[in-house]
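Some notes on the structure that comes next.
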Amino acid sequence: MPYKLVIFDFDGTLADSFPYFLRTVNTLALTYKFPVIQPEDVDHLRGMDARQMMKRAKLPAWKMPLIARSFIRLMARDIDQIQLFEGIPVVLHQLAEQGVRLAIVSSNSEANIRRVLGPACASLISYYGCGASLFGKRRKFTKAMKRNGVLAHETLCIGDELRDLEAARQVATAFGGVAWGYTRADVLASHPDVTLFHTSTDLLQKVLGVPQP
């Protein structure tokens, strides 16, 4: 059915920030004492969920907010290095033109997100649920639906990580995974309740229910 609300993740879904993450994470590793990521490990790590990654890095849960805040501060400093994925502005504008309400739920800051979106795209977003903890998106999904006056079955959550899928399941919404983000497409596709979007055009057609050639 056509959705009334689409809740987007930001990093890896709307914004191409994974290359920046890879450039920055090893600096944070030295500060917070977790193993650096070697280039040959990246593909394997992209098949893990967040809990598996924390276990691999031997990171206690209390360190995660500290690392997240440091990363957000560094990104704010280097925000000009972060761009939206190709086609994302078109997706946001066309969904809005069709009457679909748009929200963003992210661990990133609202200031960073607005700067990357730019004024035109930022104005399309009805709700910013920012600063979500690693496993804290569920409450912000619920708040986005309440703020927009829609029910779970009228909502689609779109993200690039397994924790996004987990949060969507917790609030009983549909979930779409993007093939261009952090988690490998084959890992997302292994879950039968995930709609996989291969391109921004594919996303737009599937969300709006447009027949594909």
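Using alpha carbons only, how many degrees (0 to 90, rounded to 10) separate the axis of helix 18-32 from the longest principal axis of the chain? With rounding to tens, the tilt is 40 degrees.
Counting lysine pairs in the chain that sit 8 or more residues apart in sequence, or on different chains, and whose Cα atoms lie under 19 Å apart gives 10. For the stretch 1-76, the spread of Cα positions along the three principal axes, ordered from largest to smallest, is 46, 28, 24 Å.
Each peptide in 38-49, 70-81 receives the mean, over its residues, of other Cβ atoms within 10 Å, and ordering these scores from highest gives 70-81, 38-49.
Here the relative contact order of the stretch 62-213, from alpha carbon pairs under 8 Å that lie six or more residues apart, stands at 18 percent. Evaluating 6.51 cos²θ - 1.76 cosθ + 1.60 at θ = phi - 60° for every residue in the stretch 75-90, the Karplus couplings come out as 5, 4, 5, 10, 4, 5, 7, 9, 10, 5, 4, 4, x, 5, x, 5 Hz, glycine and proline recorded as x. Note that the stretch 135-151 has calculated 3J(HN,Hα) couplings of 10, x, 7, 4, 5, 6, 4, 4, 5, 4, 5, 5, 4, 9, x, 10, 9 Hz, one per residue in order, obtained from phi through the Karplus relation 6.51 cos²θ - 1.76 cosθ + 1.60 (θ = phi - 60°); glycine and proline are x. Stokes-Einstein diffusion of the chain at 20 °C, 1.002 mPa s viscosity, Kirkwood radius from Cα pairs, rounded to a whole number: 122 µm²/s.
Taken about its Cα centre, the stretch 2-107 carries a charge dipole of about 680 debye when Lys and Arg each add +1 at the Cβ and Asp and Glu each add -1 at the Cβ. Any idea which of Tyr182, Thr195, Pro119 is furthest toward the positive side of the dipole for the stretch 64-213, if Lys and Arg beta-carbons carry +1 and Asp and Glu beta-carbons -1? Going by the charge dipole, the pick is Pro119. Solvent exposure of the chain, expressed per residue, is 49 Å² of accessible area, with all protein chains present and a 1.4 angstrom probe.
Ligands, DNA and RNA left out, the 1.4 Å accessible surface of the stretch 71-213 is 51% carbon and sulfur atoms. Dipole size of the stretch 128-213 about its Cα centre, with +1 on Lys/Arg Cβ and -1 on Asp/Glu Cβ: approximately 500 debye, rounded to the nearest 20. Dividing the summed -39500 (n - 2.57) terms of all DSSP H runs of n ≥ 4 by the residue count of the chain sets its mean residue ellipticity at 222 nm at -14000 deg cm²/dmol. Centre-to-centre separation between the Cα atoms of the stretch 1-79 and those of the stretch 85-118: 20 Å. For the stretch 109-177, would you read off the P(r) tail past 17 Å as a percentage of all alpha carbon pairs? Everything past 17 Å amounts to 45 percent. The charge dipole of the chain, taken about its Cα centre with unit charges on the Cβ of Lys, Arg, Asp and Glu (plus for the first two, minus for the last two), comes to roughly 1060 debye.
Our compactness index for the stretch 74-200, the C-alpha radius of gyration over the empirical 2.2 N^0.38 Å, is 1.03. Using equal-weight Cα scatterers in the Debye expression, the normalised intensity of the stretch 44-148 in log10 at q = 0.17, 0.18, 0.21 Å⁻¹ is -0.96, -1.05, -1.23.
The values are calculated or read from the model by the stated rules, or taken from the named source; none is laboratory data. Owing to the predicted nature of the structure, the values given are computational and were not obtained by experimental measurement. Counting neighbours? That spans all protein chains shown, and the Cβs are built from the backbone with ideal geometry, glycine included. Accessible surface areas use protein heavy atoms only, side chains included; no ligands, DNA or RNA. Shrake-Rupley method; radii C 1.70, N 1.55, O 1.52, S 1.80 Å.
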